[in-house]
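Novice: After the structure tokens below, expect a handful of questions from me.
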Amino acid sequence: IEAISKKASKEIEKPVVPVRCEGFRGVSQSLGHHIANDAIRDWVLDKRDNDNSFQSTPYDVSIIGDYNIGGDAWSSRTLLEEMGLRVVAQWSGDGTLSEMELTPKVKLNLLHCYRSMNYISRHMEEKYGIPYLEYNFFGPTKIIESCRKIAAFFDDSVKEKTEAMIARYQTMVDAIIAKYKPRLEG
């Protein structure tokens, strides 16, 4: 399939990525993710290494391993942008091949699903010098903890925006808790 992919790529003048994985394989599909990550590593990541048209910023991040099953990646992206970060790539959900090609140009990979994406994140750290951070955006406590951990990687402007964002959403969280806690206690 590799030869066919190369031929098709030339014919249609677009990347064609061969992935030798007949469905999800392994425990929790982890082998399937590993195989797909290898294909991205070998066929996609280095395609724009010499492309200087991308205007990098100190705040470029990628979201790795958020499959956007219930639209959660959109919320994650919103929070990160409110913190002052620019989400350059989202793997994979509704991310694009173009975004994946740009991933080696980010300053930090944000790893949502460690089991499926630790291998590719370690590869990018070794090859491109891009560190990665695990984060957890499930529930207010973990969201706050993760946002602060991410902000600590960046400068004071990101830290300040993060605290302002947390304060703004905390008001909403407190109101929801106040409404439902009396009915749910015990």
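Novice: Which members of the stretch 39-73 meet the condition of being closer than 16 Å to Pro18 by Cβ and free of Cβ contacts under 8 Å to residues at least 24 places away in the same chain?
Specialist: If the condition is that a residue be closer than 16 Å to Pro18 by Cβ and free of Cβ contacts under 8 Å to residues at least 24 places away in the same chain, then Ala39, Asp42 are the ones that fit.
Novice: Please work out if Arg41 is closer than 16 Å to Glu125 by Cβ and open to solvent by 40 Å² or more (accessible area, probe 1.4 Å).
Specialist: yes
Novice: Could you check the stretch 101-125 and list, in sequence order, the residues that are surrounded by 20 or more Cβ atoms within 10 Å (Cβ to Cβ), of a type in the set (Ser, Thr, Tyr) and either at pLDDT below 90 or under 13 Å from Val44 (Cα atoms) (or both)?
Specialist: Listed by number, the residues that qualify are Thr103, Ser116.
Novice: Output the number of the condition that Ile69 fails; it satisfies all remaining conditions of (1) surrounded by 16 or more Cβ atoms within 10 Å (Cβ to Cβ); (2) among the aliphatic types (A, V, I, L, M); (3) at pLDDT below 90.
Specialist: (1)
Novice: Looking at Leu97, Leu80, which one is out of contact with any Phe, Trp or Tyr (no Cβ under 9 Å at 6 or more places or on another chain) and open to solvent by less than 30 Å² (accessible area, probe 1.4 Å)?
Specialist: Of the residues listed, the single one that is out of contact with any Phe, Trp or Tyr (no Cβ under 9 Å at 6 or more places or on another chain) and open to solvent by less than 30 Å² (accessible area, probe 1.4 Å) is Leu80.
Novice: Let me ask something else. Limited to the stretch 135-186, what total is found for residues that are open to solvent by less than 90 Å² (accessible area, probe 1.4 Å), under 18 Å from the mean Cα position of the chain (by Cα) and of a type in the set (D, E, K, R)?
Specialist: Selection size over the stretch 135-186: 1.
Novice: Is it the case, given these coordinates, that Gly129 is open to solvent by 40 Å² or more (accessible area, probe 1.4 Å) and at positive phi?
Specialist: Against the criterion (open to solvent by 40 Å² or more (accessible area, probe 1.4 Å) and at positive phi), Gly129 qualifies.
The values are calculated or read from the model by the stated rules, or taken from the named source; none is laboratory data. Since we're looking at a predicted model, the values are computed, not measured. Note that we place each Cβ from the backbone using ideal geometry, even for glycine, and neighbour counts take in every protein chain shown. Only protein heavy atoms, including side chains, enter the accessible area calculation; ligands, DNA and RNA are left aside. Shrake-Rupley method; radii C 1.70, N 1.55, O 1.52, S 1.80 Å.
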